[in-house]
1. Mind giving me the FRET efficiency for residue 22 and residue 83? R0 is 30 Å, r the Cβ-Cβ distance, nearest 0.05 is fine.
2. Sequence-distant or interchain residues sharing an amide H contact under 5 Å with residue 54, placed H: which?
3. Within region 3-132, count lysine pairs with alpha carbon atoms under 14 angstrom apart where the residues are 8 or more positions apart or belong to different chains.
4. Give the order of 22, 99, 6 when sorted by the count of other beta carbons within 10 angstrom, beginning with the fewest.
5. By count of other Cβ within 10 Å, fewest leading, how are 2, 125 ordered?
6. Sort 113, 14 so that the residue with the fewest other Cβ atoms within 10 Å of its own Cβ comes first and the one with the most comes last.
7. What list of ³J(HN,Hα) couplings, whole Hz, do you get for region 27-43 from phi and the Karplus terms 6.51, -1.76, 1.60, once you set θ to phi - 60° and write x for glycine and proline?
8. In nm, what is the difference between 0.36 nm times the number of residues separating residue 135 and residue 105 and their Cα-Cα distance?
Amino acid sequence: MKIRASLAIIKNWKILLMHRFSMWKEYFILPWWWVEENEDIFDAAIREAREETNLYVEIEKELFNYTDDEYDSRAHHVFLVKNFSGRAKLWGPEAQRNSKNNKYILEWHTITKIWNLNFYPDYIKKNLSTIVNNIDPKE
């Protein structure tokens, strides 16, 4: 079974999202990657964050996990990242596949204003409160 590692990357009450335009669909996702066979899920998330967003991340903890039965029945793990270095920039395969009909745009969004965004999968949107509840109001 394939496993996804997703990252809720937070800074100054903003969250890094991937804004996707794929053919006729527009939606938002957390940055995520497939975990390769025999790879530790934490190591995969850290490696792929660097390869795809240009960020060096430190995973604070796992926020939640779920199986996406509606779309692909694969396990998804969502990790919280508050400490990172670098500047977010589309990198790696997404940058190479970026085209008029298949856009990938990294965007920072204020956490309190993301409830109305079209998220994929819906389960992420249902658990946004878990992400918000793990942020110190002073941050």
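1. Calculated transfer efficiency: 0.45.
2. 89
3. Numbers: 11/82; 14/82; 14/113; 25/100; 25/103; 61/82; 89/103; 113/125.
So the count of such lysine pairs works out to 8.
4. So the ranking, lowest neighbour count to highest, is 99, 22, 6.
5. Ascending number of Cβ neighbours within 10 Å: 2, 125.
6. Neighbour counts put them in this order, fewest first: 113, 14.
7. 7, 10, 9, 6, x, 8, 8, 6, 8, 6, 4, 6, 9, 5, 4, 5, 4
8. 8.4 nm
Here, each number is a calculation from the coordinates, and none is a lab measurement. Given the structure is predicted, the values throughout are model-derived calculations rather than measurements. As a convention, Cβ positions derive from the backbone with ideal geometry for all residues, glycine included, and neighbour counts pool all protein chains shown.
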